[in-house]
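Trainee: Pasting in a structure now, in C-alpha cells, and then I'll have a few things to ask.
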Amino acid sequence: MLRRLFIETDRGRLRAGWRIGIGVFGLMTIIGVLAASVDAIEVPFIESFLWQLLAVPATIALAVWLARLVDRRQFAEYGLDARLPRLAMGAALGLALAGIVFAAQAAAGWTEVVSTLHNRYDVPFIAGWFGFTVRYGSVAVFEELFHRGFLLTNLAEGMGRRRPRLWAACIVASALFGALHLTNSDASIIGALNVALLGLLFGGAFVWTGRLSLSIGLHFGWNFALGPCLGLPVSGYEPISRRWAPAP
C-alpha cells in the first residue's frame, strides 16, 4: 500500500502520497496565515468568521494550483459544484441528524436546556445569524473541497480505482479529517473520533454522487444546527452563549 502511494512515477507526476503531503502542507499554511492575520482585528464578531470566509477563495486557488501543477488533472474532477437541490437536501439532512442526536441526549437525561436563544456578540439578531451562516457555509465549502474533493480523490487513485478501495480511501480520508481537527481549541480524542465518523458520512455522499454539493450541504447543516441553533461547541468554538448543560 505504501509503495502504491509513495513510490514510482505516474504520468510524469508525483505519486499520490507525495501529492497529498503537498496539499496538506498548503492547506495548513493557508489556515495558519489567515487565522493569524485576523487575530489583530478588535471586533470579535467579525474576527469570528472572517478567516473562514477568506479561506474559500484561498482554498480554491490552492486546489486549482494543485490540479494543474501537482495532480495534472482538471480542477472540475474535484467535484465542486453548486446544485441547489442537493445543497438544500444535504443541509436539511444535516439539521435533522443533529436535532435527532440532541433529542436523544435530552430524552436519555444526558443534557438539559438551561436558557433561551441569545447571541453572545453585541450585534443585531439577524446580523448574528447571517454571520454564522457565512461562517459555517464557508467552512463547509473549503473543507469539503479539500478533504473530499482533493484528498479522497488522490487516496482513491493511490489505492486503486476498484470500488472497495474507493471506500477504503473514504475511511482513510475521514481518519485524517478527524486527526486534523485535533489542532482546534479544546480538542480531544473523542471529539476527533466523532469528526472522523462525520467524515465518513460526508465522504459517502461524495462517493455516491461524485460531486460535492450534497456533502457541503450535510457539513453546513450539521455545524449550523450544533452551533447557532443548539448552542453546542463546534470544533471547540462556541458561537453563542451556552444554552445547555450536562444533566445532574
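The values are calculated or read from the model by the stated rules, or taken from the named source; none is laboratory data. Here the structure is a predicted model, which means the values were calculated and not measured. As a convention, Cβ positions derive from the backbone with ideal geometry for all residues, glycine included, and neighbour counts pool all protein chains shown. All accessible areas refer to the heavy atoms of the entire protein, side chains included, with ligands and DNA or RNA removed. Shrake-Rupley method; radii C 1.70, N 1.55, O 1.52, S 1.80 Å.
Here is a yes/no grid of residues against (1) of a type in the set (Gly, Ala, Ser); (2) at pLDDT below 85; (3) surrounded by 16 or more Cβ atoms within 10 Å (Cβ to Cβ):
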{"position": "GLU143", "(1), (2), (3)": "no, no, yes"}
{"position": "GLY191", "(1), (2), (3)": "yes, yes, yes"}
{"position": "ALA196", "(1), (2), (3)": "yes, no, yes"}
{"position": "CYS229", "(1), (2), (3)": "no, yes, yes"}
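Trainee: Could you check, for segment 146-155, whether at least one of its residues is out of contact with any strand residue (DSSP E or B) (no Cβ under 8 Å at 6 or more places or on another chain), under 26 Å from PRO57 (Cα atoms) and free of Cβ contacts under 8 Å to residues at least 24 places away in the same chain?
Mentor: No, that holds for no residue.
Trainee: Mind checking which residues of segment 71-105 are open to solvent by 50 Å² or more (accessible area, probe 1.4 Å), among the hydrophobic types (A, V, I, L, M, F, W, C) and over 15 Å from GLY217 (Cα atoms)?
Mentor: Answer for segment 71-105, where residues must be open to solvent by 50 Å² or more (accessible area, probe 1.4 Å), among the hydrophobic types (A, V, I, L, M, F, W, C) and over 15 Å from GLY217 (Cα atoms): PHE75, ALA76, ILE100, VAL101, ALA103, ALA104.
Trainee: I've got another one for you. Scan segment 160-185 for residues that are at pLDDT below 80 and in contact with a Phe, Trp or Tyr (Cβ under 9 Å, 6 or more places away or on another chain) and jot them down.
Mentor: ASN184, SER185
Trainee: Quick one: in segment 1-27, of everything that is of a type in the set (A, V, I, L, M, F, W, C), open to solvent by 70 Å² or more (accessible area, probe 1.4 Å) and not in a loop (DSSP other than H, G, I, E, B), which residue is modelled with the lowest pLDDT?
Mentor: LEU2
Trainee: Among SER37, SER48, which is the only one that is polar (S, T, N, Q), open to solvent by 30 Å² or more (accessible area, probe 1.4 Å) and either within 21 Å of LEU152 (Cβ to Cβ) or modelled with pLDDT under 95 (or both)? Outline the logic, then answer.
Mentor: Working: SER48 fails: open to solvent by 30 Å² or more (accessible area, probe 1.4 Å).
Just a single option satisfies the conditions, and that option is SER37.
Trainee: Same structure again: Looking for whichever is within 26 Å of ASP71 (Cβ to Cβ) and either among the hydroxyl-bearing types (Ser, Thr, Tyr) or open to solvent by 10 Å² or more (accessible area, probe 1.4 Å) (or both) here; the options are LEU166, LEU212. Which one fits?
Mentor: So the residue among LEU166, LEU212 that is within 26 Å of ASP71 (Cβ to Cβ) and either among the hydroxyl-bearing types (Ser, Thr, Tyr) or open to solvent by 10 Å² or more (accessible area, probe 1.4 Å) (or both) is LEU166.
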